[in-house]
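Worksheet for the structure shown next.
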Amino acid sequence: MENQKEPGAVLKENQDEKPGIINEIPEIKIFGKGEGGDDGSEGRQIRRNLFMVAVAIAVICIAVGVFKVWDAFRDFDSTIMEEKDKQFYSLISSEDINIENALTSFCREADTFFARNQLEELRREWVESGKSDTAGLRKYIENNTMLSNPVYADMLMVDGDKIVLSASGNKAYSFRTEADGRGLRICSDGDGRYFMAYEVSGRGGVRYEALLSLEQLYINAIGNSPARGVMLMDSTAALVINQRAGLIEITSPADEHDESTAKLISFMTDCQGSQESHGMSFEFKRPDGNPYTARMIVQPSGRTTNGEFAIGIATDFDEALKPSRNAAEKILIYGGMSVAGVIVLLFMLLLMRRANTVSNNELEILKKKNNAMAELNQNMQALAHHQRLETIGTMTASIAHDFNNLLTPIMGYSMMAAEMLPDDQAEIQDYMMEVYNASVKAKDIVQRLADLSKKGKEESFKDLDPVEIIRSSLKVTLPAKPKNVEVRGRFSSGHAKIRGDQTQVSQLVINIVLNAYDAMREAGGTLTVSTRIEDGWVALRFKDTGTGMDAETLSRIFDPFYTTKESGKGTGLGLAIVHQICDTHGGKVYVDSEPGVGTEFRINFPMIEGDEDFRKGTTKVIRSDEIRERLDQQTEY
């Protein structure tokens, strides 16, 4: 490795380095004080002045920023208050609709009941009896249809100023206000409970009153949650409905209240009198004596949909504002710390910049050299592997020729000798046949060596249908297929063609299939053969469920003469020939394998241009007892 140069030196590569590496790197000189790199005192002064101007601008920007942040922080409370007021008005609108729906439903049911003919008939009977017999009317009113209404309290029949009948039997009611345009008014009973009466005029000077419970109206429309702080006031400002400690309180504004409640009721009364919506903040004290700010928003009855009640919402504004205030304070503090940190960091970066420039340049040079060395190493490894294959090919071609010359007479003479022996020399004939069979096996090995050395000539290439080659090759390998192995196929390449030597491509398929059979011979399994189109390639896939291979074995499977089979059961040339055939045809071979799971070979051949019209294949399982018949019939599977 190139030794590191000292700062200020000239960096160059050795002149005797191998081709393929960057042999010359531009000279980089680091000038010190007094050398050609000095800009002079005038240049230093200009840079110093620019630095001071930049610092002054930064300080001004920081000061302005801090002031603006503080100014925004001061306006923060008012902004939050406006947002909270909007939320309260939205909440008031929701409560208003709930009250209106409850009142409308109550009045509609009352109108329906009071308009019944049976009620009028019973009233006439009562009049005819001299207004003395109320039994029929009482029973009818006691069982009125409004009993299921959640806000219903009682029903009255009034003759003049006298309450004649009451569904509950309680006649001690007094009306506190006059009926408004809707027919509603406030009344109370002898126990001090308040109701809203809905008045409907009947015949003969009789009036009917349906009483609505204000407490139930509050619970149904507003809810039973003290935290919401909702207060209702009738349109005449005669009553205030409030919730304290989980209880509904109905009082008169003139009644005695605690200081905070009195202030809120007074503000609500003012808003109701002016019929204007307002919001106001109050300074109160908590039970522990600590002060806090309360905020109340009031919508007068004239501005509500229900028209009967003014609605006010009061809340602890400090508690509502506290999270936002804390967040703003943290933003201010941490923002200032961040700005200070950025300033310090920039200052340090300026100090380190000149020193880092030299280191970065040297590091970049070393990276380029390292990348060049890595690329050269890969190229040399690939070249060595290619040269090794060429050497083996040349050697095997010569050996194959010499061995063929020796094996031919051995095969011929052994067969002639066997034929010349008399019939009673059967044992010697068997020996001669063993010699002949061994010669045949040796000739097959020699042929494999010759195949390894063949490069293939493009002039012998022709258009091939890979599906047909796979079918014919599977038929050839059928005698070697174990009975406990199933073959499945899915051909999705349609009529796509490749260009190549039919014999070599068939040999490629046969070698892979035989290897798969050997891997599944003991435990059995499934061999799945498929084809499809992938971005201009015809992909052949062979996936078995055999024993699989570990990483070390997988890295050497294409080396000639490498085999994991027992002695005498393999030559280690099958996959080497597969690799050589792929290379000759411009193809690619990929292998995935996992011990105990199986192995998948993926062979990609270039598809002939313009032959992309293919149909989708189908998948069928071929059982061991059917495979021979289907192959003979050339059935797609």
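The values are calculated or read from the model by the stated rules, or taken from the named source; none is laboratory data. In this text the structure is predicted, and so the values were computed from the model without any measurement. Quick reminder, even Gly has a Cβ in these numbers, built from the backbone with ideal geometry, and neighbours come from all protein chains shown. Heads up: the accessible areas ignore ligands, DNA and RNA and are worked out on the full protein's heavy atoms, side chains in. Shrake-Rupley method; radii C 1.70, N 1.55, O 1.52, S 1.80 Å.
A few notes on this one:
- Single unsatisfied condition, I297 versus (1) among the aliphatic types (A, V, I, L, M); (2) in contact (Cβ under 8 Å) with a residue 60 or more places away in the chain; (3) farther than 30 Å from D71 by Cβ: (3)
- Search result, residues across region 274-298 that are within 46 Å of the chain's Cα centre (by Cα) and among the polar types (S, T, N, Q): T293
- Those residues of region 497-544 which are part of a loop (DSSP other than H, G, I, E, B), farther than 23 Å from S593 by Cα and either open to solvent by less than 30 Å² (accessible area, probe 1.4 Å) or in contact with a Ser or Thr (Cβ under 8 Å, 6 or more places away or on another chain) (or both), in sequence order: D501
- Subset of region 243-277 [closer than 16 Å to T315 by Cβ and surrounded by fewer than 16 Cβ atoms within 10 Å (Cβ to Cβ)]: R244, S260
- Residue within region 104-119 that is farther than 17 Å from R203 by Cα, open to solvent by less than 20 Å² (accessible area, probe 1.4 Å) and touching a Gly at 6+ places or on another chain (Cβ under 9 Å) present: yes
- Of all residues in region 182-215, those satisfying the criterion of being in a loop (DSSP other than H, G, I, E, B) and closer than 14 Å to F114 by Cβ are G183, G202.
- Filter result (in a loop (DSSP other than H, G, I, E, B) and either open to solvent by 90 Å² or more (accessible area, probe 1.4 Å) or at pLDDT below 80 (or both)) within region 419-449: D423, D424
- Meets criteria (outside any loop (DSSP other than H, G, I, E, B), open to solvent by less than 60 Å² (accessible area, probe 1.4 Å) and under 20 Å from G190 (Cβ atoms)) for L165: yes
- Any hit, region 202-221, residues being open to solvent by 30 Å² or more (accessible area, probe 1.4 Å) and without any contact (Cβ under 8 Å) to a residue 12 or more places away in the chain: no
- Condition check for E552: surrounded by fewer than 20 Cβ atoms within 10 Å (Cβ to Cβ), under 42 Å from the mean Cα position of the chain (by Cα) and free of Cβ contacts under 8 Å to residues at least 12 places away in the same chain: yes
- Residue that is least open to solvent (accessible area, probe 1.4 Å), among those in region 470-496 that are part of a strand (DSSP E or B) and of a type outside the set (A, V, I, L, M, F, W, C): G489
- Annotation note: of V151, V127, the sole residue that is out of contact with any Ser or Thr (no Cβ under 6 Å at 6 or more places or on another chain), farther than 17 Å from G169 by Cα and surrounded by 12 or more Cβ atoms within 10 Å (Cβ to Cβ) is V127.
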